[in-house]
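**Student:** Pasting a structure below so you can have a look.
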Amino acid sequence: MNLLVTGGAGFIGSCFIRTLIQKRPHFKIINVDKLTYAGNLDNLSSVEHLPQYYFIKADICDFKKVENIIQEHEPEAVIHFAAESHVDRSIEDSANFIQTNVMGTHVLLELARKYDLKRYVQVSTDEVYGALEREIGYFTEDTPLAPNSPYAASKASADLLCRSYFKTYKLPLLITRCSNNYGPYQYPEKLIPLFILRALQNKPLPLYGDGLYVRDWIHVEDHCLALLKVLEEGKEGEIYNVGARCEKKNIDIAHHILDILKKPKTLLQSVTDRLGHDRRYAIDPSKIEKELNWKPTFHIDDELPHLIEWYQGNERWWKKVNNKKS
């Protein structure tokens, strides 16, 4: 398969490319990434020399540039990771989120339709569903969209565009919605790497509000294997929720990191809560488990010590990332 991967220099996209190289070495991979602050080609240093891998710096909002790439490389399918994804940044300034997440998706949909691509996978998020305000219940594929942040609204808008292209144009399209990812190479603005790196440097860990916000955590490698399943075996027009049934409070994540590093709890620092902060996310992954025979293999309690070791052993990587202008 010739596969166009957008946003392949980001955290999840780069893991997906590394997974493809391992699992599907016969695939040709065309990685298109704008290389914004969160895009990092160091994430792909282990595969950049391989003949089946191509990197092209481009903005997915640039219709003509992306069209030229499709004409030259003739991909059969696209998997769309490229997105602005940090909620706090979307609250401060949402313009880039609308441009990239909505307009960029529109460009890809139009080109997928024009060039008759055989598969289109939209990588989305559970945040489009809004919040679960109670301790019971889970997001399913039928949960109504009710985004509460500009980021989530931009992703929900993109998902609705995708749905319309399937319904109107019969574009062979699939949507995945995943819970919070963790793993190596994650940009340090996200909660887990932020807490790990600040604890390693004996700096305060900024905890929003009471710290009782609940997230469903999945290892990025499990997510990428689920995406490969959807790409190859998913049913056109379907949505697949991807989660690991692993809910954790933010404060418990912080305590676990501090315990592993034998750091004092006094490093925890309560900060002003995020605007519109969703209380709880939790995914029901029953559909992808039953229909595509996928199951997660990692659990965050077991993986946090390994992840901390990774950041300890890759100080050069994260210091370079932290020094990069945002």
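**Student:** With respect to I70, is the statement that it is crowded, with 18+ Cβ neighbours inside 10 Å, at pLDDT 95 or above and within 19 Å of the chain's Cα centre (by Cα) true?
**Tutor:** Numbers: crowded, with 18+ Cβ neighbours inside 10 Å: yes; at pLDDT 95 or above: yes; within 19 Å of the chain's Cα centre (by Cα): no.
Here the answer is no, as I70 does not meet what is asked.
**Student:** Show the residue pairs that are 6+ apart or on different chains and have beta-carbon atoms under 9 Å apart, the first residue being within the range 141-153 and closer than 19 Å to I91 by Cα, the second being of a type in the set (K, R) and at pLDDT 95 or above.
**Tutor:** As it stands, the answer is P147/K155, since those pairs meet every condition given.
**Student:** I would also like to ask the following. Tell me, which residue of the range 31-61 that is closer than 18 Å to L117 by Cβ and in contact (Cβ under 8 Å) with a residue 40 or more places away in the chain is surrounded by the fewest Cβ atoms within 10 Å (Cβ to Cβ)?
**Tutor:** Step by step, filter the range 31-61, then rank; the result is I60.
**Student:** Considering only residues of the range 299-326 that are acidic (D, E) and free of Cβ contacts under 8 Å to residues at least 40 places away in the same chain, which is nearest to N43 (Cα to Cα)?
**Tutor:** Selected residue: E315.
**Student:** Still on this structure, please answer the following. Among the numbered criteria (1) surrounded by fewer than 21 Cβ atoms within 10 Å (Cβ to Cβ); (2) touching a Gly at 6+ places or on another chain (Cβ under 8 Å); (3) of a type outside the set (A, V, I, L, M), which one does T266 miss?
**Tutor:** For T266, the failing item is (2).
**Student:** Can you spot a residue in the range 182-192 that is part of a strand (DSSP E or B), at pLDDT 95 or above and not charged (D, E, K, R)?
**Tutor:** yes
For (1) buried (at least 18 other Cβ atoms within 10 Å of the Cβ); (2) closer than 21 Å to S286 by Cβ, each residue gets a yes or a no:
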{"position": "V121", "(1), (2)": "yes, yes"}
{"position": "E141", "(1), (2)": "no, yes"}
{"position": "P150", "(1), (2)": "yes, no"}
{"position": "I192", "(1), (2)": "yes, no"}
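**Student:** Under 6 Å by Cβ, and 6 or more places apart or on different chains, what pairs join a residue from the range 77-90 that is more than 13 Å from K34 (Cα to Cα) and modelled with pLDDT under 90 with one that is surrounded by 24 or more Cβ atoms within 10 Å (Cβ to Cβ) and among the aliphatic types (A, V, I, L, M)?
**Tutor:** none
**Student:** If you don't mind, there's one more thing I want to ask. Exactly one of (1) closer than 23 Å to V220 by Cα; (2) surrounded by fewer than 20 Cβ atoms within 10 Å (Cβ to Cβ); (3) among the acidic types (D, E) is unmet by E76. Its number?
**Tutor:** (1)
**Student:** Hey, another quick one. Does any residue of the range 4-20 turn out to be under 21 Å from H73 (Cα atoms), in contact with a strand residue (DSSP E or B) (Cβ under 7 Å, 6 or more places away or on another chain), surrounded by fewer than 17 Cβ atoms within 10 Å (Cβ to Cβ) and hydrophobic (A, V, I, L, M, F, W, C)?
**Tutor:** no
**Student:** Could you grab me the full set of residues in the range 125-139 that are closer than 17 Å to A226 by Cβ and either charged (D, E, K, R) or in a loop (DSSP other than H, G, I, E, B) (or both)?
**Tutor:** Of everything in the range 125-139, those that are closer than 17 Å to A226 by Cβ and either charged (D, E, K, R) or in a loop (DSSP other than H, G, I, E, B) (or both) turn out to be D126, Y138.
**Student:** Also: So the check is Cβ under 8 Å with 6+ separation or different chains; which pairs have a first residue in the range 13-29 that's closer than 26 Å to E84 by Cβ and a second one that's modelled with pLDDT under 95?
**Tutor:** Partner pairs satisfying both residue conditions: none exist.
Quick grid of which residues meet (1) in contact with a His (Cβ under 8 Å, 6 or more places away or on another chain); (2) surrounded by 14 or more Cβ atoms within 10 Å (Cβ to Cβ):
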| position | (1), (2) |
| --- | --- |
| I257 | no, yes |
| L261 | no, yes |
| D273 | no, no |
| I283 | no, yes |
| K290 | no, no |
| I300 | yes, yes |
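**Student:** I'd like to know if the range 302-312 contains one or more residues that are closer than 19 Å to K190 by Cα, of a type in the set (S, T, N, Q) and modelled with pLDDT of 95 or more.
**Tutor:** Checking the range 302-312: at least one residue is closer than 19 Å to K190 by Cα, of a type in the set (S, T, N, Q) and modelled with pLDDT of 95 or more.
**Student:** Please indicate, with yes or no, whether at least one residue in the range 168-181 is free of Cβ contacts under 8 Å to residues at least 40 places away in the same chain and outside any loop (DSSP other than H, G, I, E, B). Lay out the reasoning, then the answer.
**Tutor:** First pass over the range 168-181, keeping only residues free of Cβ contacts under 8 Å to residues at least 40 places away in the same chain: 168, 170.
Pick out the ones that are also outside any loop (DSSP other than H, G, I, E, B) and you get 168.
Yes, the conditions are met somewhere in the range 168-181.
**Student:** Sticking with this one: Is it true that some residue in the range 225-237 is surrounded by fewer than 20 Cβ atoms within 10 Å (Cβ to Cβ), modelled with pLDDT under 95 and in contact with an Asp or Glu (Cβ under 9 Å, 6 or more places away or on another chain)?
**Tutor:** No: the range 225-237 contains no residue that is surrounded by fewer than 20 Cβ atoms within 10 Å (Cβ to Cβ), modelled with pLDDT under 95 and in contact with an Asp or Glu (Cβ under 9 Å, 6 or more places away or on another chain).
The values are calculated or read from the model by the stated rules, or taken from the named source; none is laboratory data. Treat the numbers as computed from the prediction; the structure is a model and nothing was measured. Backbone-built Cβ (ideal geometry, glycine too); neighbour counts: all protein chains shown.
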